[in-house]
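Each reported figure results from applying straightforward, stated rules to the coordinates on display, with no laboratory input. Every value quoted in this text rests on a predicted model; they were computed, and no experiment measured them.
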């Protein structure tokens, strides 16, 4: 055994998901502001209130810029950190432009980028927006005075612009930034606690999987390492499919539970050296229902993944499996486990058969392409066949733990991938 494995930390995954949602929320808020801006322009056109002449070009540019986050986040689905800072910079620049063109009419909008940055629950993001907003505010305020925009007539010279215009604006801006900092810091702290609790929940599910997998292992010494190998084979397939590492880890744990329903199958059927009768085979097939019923009642994502796998891992791509489910009806996770389980069953010795040569097993899986197995997964299996062989040799059946205590010690060391 003795292999060193890394613990999965889901905080980065949660942060990524939160950032994506924050991006979409920011785009939605910008669309709402677009509606308000359009209404202001329409009411101004109808003569409902006095307005500066620059409201029309300023309104048009604002509508264009405010729609950019929707294009980036909703249409193109770009979510990198650089994109996030680019969008915030664009909004800060837009507010500066609006201030130049419309003066004190839009003074409240100076706080808009700061409030938006709070969506990310990231102090660094907030500080970036705050610092960037200072020179933009200074430049915009002075430019509005130089261009004689509305409100500029209140000041006689540049000194008054600074003391009676810019300084009060900066004090207001700083006060709003302090409030935003307090909100962001508090939410960031709560988010940290949430991720810690989330990791603990996953660890609890992992321990439950370890316990149940231990029961499966002790049920039959011939298949003791089977659940570990199937888990590792499944991870290879999932990684090749492009899944994130946290998802690979979850599916790998769920794969260890694929045969948990066999606990409810009589041992004389499981260990029968000869061919099963039709009645015995029917009882054996019921293990997929037992497995689903045992797992689906438990809360948590891993248990739900394991429940699907336990129920569907004997389904075939062409619909000839236990339940008759076909390609699109079968979970991708179950498809991966099905191939992994099939390969390991072929190359492993059982009471009713000898172990196949791995090369013969590889050829058999290729022959079942488009029949038992998804063609894409068979192609991946071929490309990563050496990894399957390596896993097969890393977890030989003669390396069985000798006691329940040893099983749990091994699980604690090696279950995390």
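Things to note:
- Cα gyration tensor, the range 158-212 - rounded (a/c under 1.5), prolate or oblate: prolate
- With Cα atoms defining each centre, the range 38-83 and the range 321-378 are spaced 56 Å apart in the structure.
- The range 225-399, relative contact order [Cα under 8 Å, separation at least 6], %: 25
- For the chain, averaging the sequence separation of C-alpha pairs within contact (under 8 Å, six or more residues apart) and dividing by the residue count gives a relative contact order of 16 percent.
- Cα long-axis angle, helix 301-312 against the chain (0 to 90 degrees, to the nearest 10): 40
- In terms of its alpha-carbon gyration tensor, the range 225-399 comes out rounded; the largest-to-smallest axis ratio a/c stays below the 1.5 threshold.
- When the Cα gyration tensor is reduced to axis lengths a ≥ b ≥ c, the ratio a/c is 1.5 or higher for the range 51-128, and with a/b not above b/c it is classed as oblate.
- Ratio of Rg to Rh for the range 109-209: 1.30 [Cα atoms; Kirkwood radius as inverse mean 1/r over pairs].
- For the range 11-195, dividing the convex hull volume of the Cα atoms by the residue count gives 109 Å³ per residue.
- Nearest 10 degrees, 0 to 90: helix 167-219 Cα axis against the chain principal axis: 0
- Stretchable slack from residue 86 to residue 320, in nm (0.36 nm times residue separation minus alpha-carbon distance): 79.0 nm
- Answer label for semi-axes √(5λ) of the Cα gyration tensor in Å (calculated), chosen among (1) 41, 32, 21; (2) 48, 28, 19; (3) 64, 22, 17: (3)
- The chain: angle of helix 385-394 to the longest principal axis, Cα-based, in degrees nearest 10: 60
- The range 11-195 - percent relative contact order, Cα under 8 Å, separation 6 or more: 24
- Angstrom value of the Kirkwood radius, inverse mean 1/r, which spans all Cα pairs in the range 275-332: 12.1
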